[in-house]
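Quick note: the coordinates plus some simple rules give every number you see, no bench work behind them. Computed from a predicted model, the values in this text were never measured in an experiment. Here the Cβ positions follow ideal geometry from the backbone for every residue, glycine too, while neighbour counts run over all protein chains shown.
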Amino acid sequence: MKKKEIKKLTKSEILKNIDKFKKDLFNFRFQKINSQVTNPAKIGETKKNIARLKTILREKQNA
């Protein structure tokens, strides 16, 4: 997700996306252990998306 896309979301939508990405990350970790990962770059990308979402959420709470 791009920063511009995230800024358009509401707080509840951001929280839903964080939960979704955390579940995805959990599944990617299991796939990595079982050597079933099709695209290992997805793990890092998912972590970055979670961080972006949390950053924007923090900005909205402080504003």
Could you give the longest part of the chain that holds none of the trypsin sites (Lys or Arg not before Pro) found in DSSP loops with at most 12 neighbouring Cβ atoms within 10 Å? 9-63
In Å³ and rounded to a whole number, note down the convex hull volume per residue for the Cα atoms of the chain. 70 Å³
Fewest Cβ neighbours within 10 Å first, please rank Thr46, Thr55 accordingly. Thr55, Thr46
14 Å Cα-Cα reach of Lys54 towards aspartates and glutamates, excluding residues that sit fewer than 8 places from it in its own chain: Glu5, Glu13, Asp19
If you add up the charges near Ala63, with Lys and Arg at +1 and Asp and Glu at -1, over every other residue whose beta carbon is less than 12 angstrom from its beta carbon, what do you get? +3
Using the Karplus equation 6.51 cos²θ - 1.76 cosθ + 1.60 (θ = phi - 60°), what ³J(HN,Hα) coupling, rounded to whole Hz, does each residue of the stretch 16-30 give in order, writing x for Gly and Pro? 5, 5, 4, 4, 4, 5, 5, 5, 4, 4, 4, 5, 4, 5, 5
Specify the angular offset, from 0 to 90 degrees and rounded to the nearest 10, of the alpha carbon long axis of helix 41-62 from the longest principal axis of the alpha carbons in the chain. 20 degrees
Have a look at Ile14, Gln36, Asn62 and report the one farthest towards the positive end of the charge dipole of the stretch 3-62, computed about the Cα centre with Cβ charges (Lys/Arg +1, Asp/Glu -1). Asn62
